[in-house]
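Student: Below you'll find the structure I mean.
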Amino acid sequence: SQSTVHVLNHLDRDYLRQALERDVRTGLTASPKWLPPKWFYDAAGSELFSRITRLPEYYPTRRELAILRARATDLAAASRADTLVELGSGTSEKTELLLEALASAGTLRAYTPVDVDAVTLEAAARRLAGRFPGLDVRAVCADFERHLGLLPRTGRRMVAFLGGTIGNLEPAARRVFMKEVRATLRRGDTFLLGADLVKDTGRLVAAYDDSAGVTAAFNRNVLKVVNRELRADFEPEAFEHVALYDERHEWIEMRLRATRDMRVRIEGLGMTVSFAEGEETRTEISAKFRVEGLRRELAAAGFRIRRAYTDPDGDFALILAEA
Ligand code: AVJ
């Protein structure tokens, strides 16, 4: 039986352009300045993120994989899902373990990866369709914060949100997001959430400031995206990569620090933005969690906790919640 692959591109160039325009205008006229992390992920940014996941300092991917290796069979049995929907799927590398477990359990029928980067999305969809004969792969190029309404409405679904990407949302946005995921699900459907846990500050900071400079290149990539898409003249090398841990909020912040006074022309927005030497633009937060806090937030969104696992070192959590 052949697999089928459909790619639904909800993010056409106009939509993407408008969303980027709005974000860049809003973020770079704010004080302090900020840019949302979703714009890291063009093809080059996705490739840099793949390299990050293999860095010695970046533990989350390996820890989550270890949990999946140990628990995928149990998660598949507990969910009895036939349709796996993965938000922010990227290369879908870790997903294979879940798909394998669901296939072995005999329930698997369909897989819907959802990602903003169309190139990475389509490559992953084709790879997994080749790997799982008979699998109905319906990839959706969309922004998971905005397009949950486009997800499949049939079958017994598991929505997976892995890798700790939930940490990119601020607490208020996280509450809204969890409630929206809950609202798209029916009783018996499940939500599988991967989240990075609070730990020693040194290890946290090292994971976002690696010695090879890959995270720095990933951080600066957002400026290259703005240059290309909005005809701007940022000099990425004139910005320094900053990663710090905010103990009060329990999140990592990535910033780009201007190394000198600069005026940047953004032709596509008809605006010029000034940066003072030392001025920092926030490009990402990556919140770190406690298992108890995650349980509480999921319960507040209307989920019942079915499983909560961590790796043996307690670095990362994987929680299966049921609608
Ligand atoms: C893909 C959002 C989970 O926050 O750890 C990695 C992105 N940023 N290094 C994370 C990221 C810098 C990553 N997430």
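The values are calculated or read from the model by the stated rules, or taken from the named source; none is laboratory data. Small disclaimer: the values here were computed from a predicted structure and weren't measured. Heads up, the Cβs are rebuilt from the backbone with ideal geometry, glycines too, and the neighbour counts pull from every protein chain shown.
Student: Could you say which residue among Arg153, Arg174, Arg138 is without any contact (Cβ under 8 Å) to a residue 60 or more places away in the chain and either within 15 Å of the ligand (Cβ to nearest atom) or of a type outside the set (Asp, Glu) (or both)?
Tutor: Arg153
Student: Also: Look at the range 125-168 and say how many of its residues are touching a Gly at 6+ places or on another chain (Cβ under 7 Å), hydrophobic (A, V, I, L, M, F, W, C) and part of a helix (DSSP H, G or I).
Tutor: 0
Student: Anything in the range 183-241 that is in contact with a Ser or Thr (Cβ under 6 Å, 6 or more places away or on another chain) and more than 14 Å from the ligand (Cβ to nearest atom)? List them, or say none.
Tutor: Thr190, Ala238, Glu240 - these are the residues of the range 183-241 that are in contact with a Ser or Thr (Cβ under 6 Å, 6 or more places away or on another chain) and more than 14 Å from the ligand (Cβ to nearest atom).
Student: Of these, Leu148, Leu169, which one is surrounded by fewer than 23 Cβ atoms within 10 Å (Cβ to Cβ) and away from the ligand (no atom under 16 Å from the Cβ)?
Tutor: Leu148 is the lone residue from the list that is surrounded by fewer than 23 Cβ atoms within 10 Å (Cβ to Cβ) and away from the ligand (no atom under 16 Å from the Cβ).
Student: Then there is this: It is to be established whether one or more residues within the range 69-90 are in contact (Cβ under 8 Å) with a residue 60 or more places away in the chain, part of a loop (DSSP other than H, G, I, E, B), over 28 Å from Arg307 (Cβ atoms) and in contact with an Asp or Glu (Cβ under 9 Å, 6 or more places away or on another chain).
Tutor: The answer is no, given that none of the residues of the range 69-90 is in contact (Cβ under 8 Å) with a residue 60 or more places away in the chain, part of a loop (DSSP other than H, G, I, E, B), over 28 Å from Arg307 (Cβ atoms) and in contact with an Asp or Glu (Cβ under 9 Å, 6 or more places away or on another chain).
Student: Mind counting the residues in the range 131-180 that are acidic (Asp, Glu) and touching a helix residue (DSSP H, G or I) at 6+ places or on another chain (Cβ under 7 Å)?
Tutor: So the answer is 3.
Student: Still on this structure, please answer the following. Answer yes or no as to whether Ala173 is among the small types (Gly, Ala, Ser) and more than 21 Å from Thr73 (Cβ to Cβ).
Tutor: yes
Student: Could I ask something else about it? Does the range 16-34 contain any residue that is β-branched (Val, Ile, Thr), surrounded by fewer than 17 Cβ atoms within 10 Å (Cβ to Cβ) and modelled with pLDDT of 95 or more?
Tutor: The answer is yes, given that some residue of the range 16-34 is β-branched (Val, Ile, Thr), surrounded by fewer than 17 Cβ atoms within 10 Å (Cβ to Cβ) and modelled with pLDDT of 95 or more.
Student: Let me ask something else about it. Condition first: surrounded by fewer than 23 Cβ atoms within 10 Å (Cβ to Cβ), hydroxyl-bearing (Ser, Thr, Tyr) and within 16 Å of the ligand (Cβ to nearest atom). Now tell me which residues in the range 56-111 satisfy that.
Tutor: Tyr58, Tyr59, Thr61, Thr91, Thr95 - these are the residues of the range 56-111 that are surrounded by fewer than 23 Cβ atoms within 10 Å (Cβ to Cβ), hydroxyl-bearing (Ser, Thr, Tyr) and within 16 Å of the ligand (Cβ to nearest atom).
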